1. Among residues other than residue 40 whose Cβ falls under 14 Å from its Cβ, what is the net charge (Lys/Arg +1, Asp/Glu -1)?
2. Can you check what the net charge comes to around residue 69, using other residues whose Cβ is under 12 Å from the Cβ of residue 69 (Lys, Arg +1; Asp, Glu -1)?
3. Sorted by accessible area with a 1.4 angstrom probe, largest first, how do 42, 30 fall?
Amino acid sequence: MDLLDPKTVPERVVKRSVRVAGHRTSVTLEAAFWPVLIGLAEARGQSLDALVTEVDAARRGNLSSALRVFVLDALRDATPDAHH
């Protein structure tokens, strides 16, 4: 089992350092979220830091939760039948 592969251990948490609005902070998410966030940032022509800053500016709760909801919303938007 590859412990770095999010497909084999999706519940494994990974802490990453990001720059939010110019300030360094760390965000802890389950491993499966990181490649999706990176892919969403690339699809939008943004860096991961820019995407996290955007989510941070709109959030009401903690940043990790806001990022999970952002990923969920993006996946729902990409899958029309997922809104049921």
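1. Details: positive: 44, 68, 76; negative: 42, 49, 54, 73, 77.
After counting each charged neighbour, the total is -2.
2. Values: positive: 59, 60, 68, 76; negative: 73.
Value of the local net charge: +3.
3. Details: 42 130, 30 50 Å².
Of 42, 30, the descending order of accessible area is 42, 30.
The values are calculated or read from the model by the stated rules, or taken from the named source; none is laboratory data. In this text the structure is predicted, and so the values were computed from the model without any measurement. As a convention, Cβ positions derive from the backbone with ideal geometry for all residues, glycine included, and neighbour counts pool all protein chains shown. Ligands, DNA and RNA are excluded from the accessible area calculation, which covers all protein heavy atoms including side chains. Shrake-Rupley method; radii C 1.70, N 1.55, O 1.52, S 1.80 Å.
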